[in-house]
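Trainee: Got a structure for you, written out below as structure tokens; questions coming shortly.
The values are calculated or read from the model by the stated rules, or taken from the named source; none is laboratory data. Keep in mind that this is a model prediction, so the values were computed, not measured. Reconstructed Cβ throughout: ideal geometry from the backbone, glycine too, with neighbour counts over all protein chains shown.
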2 protein chains.
Amino acid sequence: MSAIDFWFSIGSTYTYLTVRRLPELAAREGVDVTWRPFDVRAIMLEQNNIPFRDKPVKTAYMWRDIARRAGKYRLAPQLPAPYPLNDLAFANQVALLGLNEGWGQKFVIAAYENWFEKGLVPDEGEGLTASLEAAGQDPEPTIARAASDTIAAQLVQDTETARDLGVFGSPSFAVGGEIFWGDDRLEDAIAWARHGSLA
Amino acid sequence: MSAIDFWFSIGSTYTYLTVRRLPELAAREGVDVTWRPFDVRAIMLEQNNIPFRDKPVKTAYMWRDIARRAGKYRLAPQLPAPYPLNDLAFANQVALLGLNEGWGQKFVIAAYENWFEKGLVPDEGEGLTASLEAAGQDPEPTIARAASDTIAAQLVQDTETARDLGVFGSPSFAVGGEIFWGDDRLEDAIAWARHGSLA
């Protein structure tokens with residue numbers, strides 16, 4: 001049994017599905033998962049790989065696909081959610097701070113619930129403060145800590161680590177030297193963690 | 001139970017997985033599938049949505065992902081296959097002629113076997129002639145018929161039909177007013193055909 005590194009960026013749409021179903025699935029399968037925020041937008045810009053910008057047909061499909069899959073997972077998002085985020089990097093600095101301090105998963109789950117189920121963006125305003133409160137944090141000082149140069153530099157460093165692994169999108173799952181990309185590869189990643197293959 | 005239109009372009013990499021596993025899966029599930037070739041490259045160029053061009057990281061991932069999934073499906077491709085094709089439109093004109101005349105599925109399956117399992121491109125040369133022979137056709141006159149203005153115009157028309165349905169990639173599955181994109185959505189498309197939902 002290998003562990004999985006779950007590389008994600010708050011700001012990615014399909015990551016909603018993973019964030020909402022991963023905790024229960026990982027517990028049921030007995031797989032250890034480390035949550036690793038990174039700045040997917042930085043990598044996408046470097047690689048000229050912006051999946052939805054100026055692509056209205058593909059974007060419309062993405063929302064419909066998420067709606068159908070959310071139904072399969074018994075989730076009830078309000079779609080389309082506000083998109084794209086203005087400050088994707090900062091949302092992930094908050095997540096990184098939280099994971100350093102032990103409240104990160106609660107924050108990320110609340111951030112996606114507020115964003116996709118209540119229409120509140122996770123990177124500023126009510127969505128950010130409500131998600132911090134859901135994770136048991138006082139918003140104002142927490143936001144100040146997340147905005148520190150130290151956390152900003154750590155996110156840049158972790159993004160370099162993700163890039164070096166071959167991660168180019170969110171969600172991605174790193175397990176046993178393999179990268180699996182997409183919520184629809186979560187089961188593959190778990191199979192690889194358990195068996196070292198998909199068979 | 002709804003029927004599925006399987007929209008595909010010979011030239012797409014992930015379509016290899018679908019072409020090789022769809023006949024058995026559709027028979028087992030009792031779902032009627034109509035094979036519909038189109039020119040995915042024309043739509044991708046129009047929509048500025050070229051998935052792999054100048055994206056080496058994403059392209060490397062694609063080959064690894066196909067290798068893993070092929071193993072899951074007990075297929076043994078030689079990867080990477082020659083890519084991209086020079087004359088994607090013509091390969092699909094041949095497929096369209098064959099589907100008009102009743103030998104199209106055999107040709108498409110042979111074309112992908114020759115391309116992905118023997119390294120022979122499907123749009124010209126030995127890969128084209130061997131795939132036509134596998135479908136019981138005399139290559140030279142068949143290639144001449146496939147190159148006719150009538151077949152070229154039918155492929156353009158069918159590509160417009162696909163575009164109007166919201167198809168932007170190959171493979172896509174049209175069922176009950178829904179579009180499902182990607183080999184990894186084939187099971188979703190079959191579920192929708194059977195139940196009108198993914199649940």
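Trainee: Would you please list the contacts, defined by Cβ atoms under 9 Å and residues six or more apart or on different chains, that run from a residue in the stretch A:127-154 that is within 15 Å of A:Ala91 (Cβ to Cβ) to a residue that is surrounded by fewer than 19 Cβ atoms within 10 Å (Cβ to Cβ) and among the acidic types (Asp, Glu)?
Mentor: Note: pairs meeting the criteria are A:Thr129/A:Glu140; A:Leu132/A:Asp138; A:Gln137/A:Glu101; A:Pro139/A:Glu133; A:Thr142/A:Glu101; A:Arg145/A:Glu101.
Trainee: Here's something else I'd like to know. Conditions first: (1) modelled with pLDDT of 95 or more; (2) within 13 Å of chain B (Cβ to nearest Cβ); (3) in contact with a Gly (Cβ under 9 Å, 6 or more places away or on another chain). A:Pro171 passes all but one, so which condition is the exception?
Mentor: Condition not satisfied by A:Pro171: (2).
Trainee: Before we move on, is A:Phe38 among the aromatic types (Phe, Trp, Tyr), modelled with pLDDT under 95 and either at positive phi or touching a helix residue (DSSP H, G or I) at 6+ places or on another chain (Cβ under 7 Å) (or both)?
Mentor: No; evaluated as a whole, the condition is false for this residue.
Trainee: Taking the criterion of being among the β-branched types (Val, Ile, Thr), touching a Phe, Trp or Tyr at 6+ places or on another chain (Cβ under 8 Å), under 25 Å from A:Arg53 (Cα atoms) and modelled with pLDDT of 95 or more, would at least one residue in the stretch B:62-76 satisfy it?
Mentor: Looking for residues that are among the β-branched types (Val, Ile, Thr), touching a Phe, Trp or Tyr at 6+ places or on another chain (Cβ under 8 Å), under 25 Å from A:Arg53 (Cα atoms) and modelled with pLDDT of 95 or more, one finds none in the stretch B:62-76, hence no.
Trainee: Would you please name the residue that is farthest from the other protein chains (Cβ to nearest Cβ), looking only at residues in the stretch B:186-199 that are free of Cβ contacts under 8 Å to residues at least 24 places away in the same chain and either within 25 Å of B:Pro51 (Cα to Cα) or buried (at least 22 other Cβ atoms within 10 Å of the Cβ) (or both)?
Mentor: Per the criteria, the residue is B:Glu187.
Trainee: A further question follows. Under 7 Å between Cβ atoms, at least 6 apart or on separate chains: pull out the pairs that start in the stretch A:82-101 with a residue that is under 22 Å from A:Ala60 (Cβ atoms) and end on any residue that is of a type in the set (D, E, K, R) and in a helix (DSSP H, G or I).
Mentor: Pairs found: A:Leu88/A:Arg41.
Trainee: Look through B:Asp138, B:Asp183 and report the one residue that is buried (at least 22 other Cβ atoms within 10 Å of the Cβ) and at negative phi. Give the steps one after another, and end with the answer.
Mentor: Details: B:Asp138 fails: buried (at least 22 other Cβ atoms within 10 Å of the Cβ).
So the residue among B:Asp138, B:Asp183 that is buried (at least 22 other Cβ atoms within 10 Å of the Cβ) and at negative phi is B:Asp183.
Trainee: Quick one: would you say A:Gly176 is modelled with pLDDT under 95 and within 14 Å of chain B (Cβ to nearest Cβ)?
Mentor: Considered against the rule, which asks whether it is modelled with pLDDT under 95 and within 14 Å of chain B (Cβ to nearest Cβ), A:Gly176 comes out as yes.
Trainee: Tell me, which residue of the stretch A:156-167 that is hydrophobic (A, V, I, L, M, F, W, C) and surrounded by fewer than 23 Cβ atoms within 10 Å (Cβ to Cβ) is farthest from the other protein chains (Cβ to nearest Cβ)?
Mentor: Only one residue fits best here, namely A:Val156.
Trainee: Follow-up. Among the residues of the stretch B:174-191, is there at least one that is under 16 Å from the mean Cα position of the chain (by Cα) and aromatic (Phe, Trp, Tyr)?
Mentor: Looking for residues that are under 16 Å from the mean Cα position of the chain (by Cα) and aromatic (Phe, Trp, Tyr), one finds at least one in the stretch B:174-191, hence yes.
Trainee: Then there is this: If we keep just the residues of the stretch B:33-71 that are among the small types (Gly, Ala, Ser) and crowded, with 18+ Cβ neighbours inside 10 Å, which is farthest from B:Gly182 (Cα to Cα)?
Mentor: Per the stated criteria, the residue is B:Ala42.
Trainee: Determine which single condition A:Trp7 fails, assuming it passes every other condition in (1) closer than 25 Å to B:Asp188 by Cα; (2) of a type outside the set (D, E, K, R); (3) crowded, with 19+ Cβ neighbours inside 10 Å; (4) in contact (Cβ under 8 Å) with a residue 12 or more places away in the chain.
Mentor: Among (1) closer than 25 Å to B:Asp188 by Cα; (2) of a type outside the set (D, E, K, R); (3) crowded, with 19+ Cβ neighbours inside 10 Å; (4) in contact (Cβ under 8 Å) with a residue 12 or more places away in the chain, A:Trp7 violates only (1).
Trainee: Tell me, yes or no, whether the stretch A:129-151 has at least one residue that is under 25 Å from A:Gln78 (Cα atoms), out of contact with any Asp or Glu (no Cβ under 9 Å at 6 or more places or on another chain) and of a type in the set (S, T, N, Q).
Mentor: So far as the stretch A:129-151 goes, no, none of its residues is under 25 Å from A:Gln78 (Cα atoms), out of contact with any Asp or Glu (no Cβ under 9 Å at 6 or more places or on another chain) and of a type in the set (S, T, N, Q).
Trainee: Residue pairs, Cβ under 7 Å, 6 or more apart or interchain, first in the stretch B:44-69 and on the phi < 0 side of the Ramachandran plot, second of a type in the set (Ser, Thr, Tyr) and outside any helix (DSSP H, G or I). List them.
Mentor: B:Met62/B:Thr13; B:Ile66/B:Thr13; B:Ile66/B:Tyr14
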